[in-house]
Amino acid sequence: MLLNRQMIFLYVTLAVSVGYLVTALSLGAPITESGLTPAFFPILVGSAAIVFCSVLIVQALRAEPETAPANQTRSYTHVWVVVAIFFYILAFKPMGYFLSSGLFVFALILLFSKFEKLVFKAIISIAIVGVAFVMFQQLFGVRLPTLWG
């Protein structure tokens, strides 16, 4: 089906991704003789978003239409993700990268999985935040805010 809630969401996401990429391309060349520029990461993210969104649209168009059971309860996970992003943005500067990002990643993991093995999920969150910190510091040369200044 060409127009249902999921397809409309994917079309809107694709349009936003294209707009994001066009804006990122206006930042300049992603790579210069001295290495990567600040435009590299936004161009990479915009391109990846377009590719992945296009793949999801093609998969959805090829899929058989599903009939939902009448007694199925609604899931509000998408709303909680938006709320988590909002609080993450508010907390990023005052709490620093490590604490705010760790809590954000942990919250997202809990939203999309069962509420069990919390210590393991916390360790995964710490690892993701640590790898991202090293990547931003070493690869992109971006100094992230920390709680200690």
Task: G96 vs. criteria surrounded by 13 or more Cβ atoms within 10 Å (Cβ to Cβ), over 18 Å from V45 (Cβ atoms) and free of Cβ contacts under 8 Å to residues at least 12 places away in the same chain - done: no
Task: Condition met for L21 (free of Cβ contacts under 8 Å to residues at least 40 places away in the same chain and part of a loop (DSSP other than H, G, I, E, B)) - done: no
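Within the group Q59, Q137, which residue is out of contact with any Ser or Thr (no Cβ under 6 Å at 6 or more places or on another chain), surrounded by fewer than 14 Cβ atoms within 10 Å (Cβ to Cβ) and closer than 26 Å to T23 by Cα?
Values: Q59 fails: closer than 26 Å to T23 by Cα.
Exactly one of Q59, Q137 is out of contact with any Ser or Thr (no Cβ under 6 Å at 6 or more places or on another chain), surrounded by fewer than 14 Cβ atoms within 10 Å (Cβ to Cβ) and closer than 26 Å to T23 by Cα, namely Q137.
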Open item on the list: Out of A84, A39, I need the residue that is closer than 23 Å to F104 by Cα, under 20 Å from the mean Cα position of the chain (by Cα) and surrounded by 11 or more Cβ atoms within 10 Å (Cβ to Cβ). Which one?
Closed with: A84
Task: Test: L147 is closer than 30 Å to S75 by Cα and touching a Phe, Trp or Tyr at 6+ places or on another chain (Cβ under 9 Å) - done: no
TODO: Considering every residue within the stretch 116-139, establish whether at least one is outside any helix (DSSP H, G or I), more than 16 Å from the chain's Cα centre (by Cα) and more than 24 Å from L44 (Cβ to Cβ).
DONE: yes
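In the set A48, A84, which member is closer than 25 Å to V134 by Cβ, aliphatic (A, V, I, L, M) and free of Cβ contacts under 8 Å to residues at least 24 places away in the same chain? Show your work before the answer.
Numbers: A84 fails: free of Cβ contacts under 8 Å to residues at least 24 places away in the same chain.
Answer to the selection: A48.
Only the coordinates and a few stated rules stand behind these numbers; no lab work does. These figures come from a predicted structure and were not determined experimentally. Note: ideal-geometry Cβ built from the backbone for every residue, glycine included; neighbour counts use all protein chains shown.
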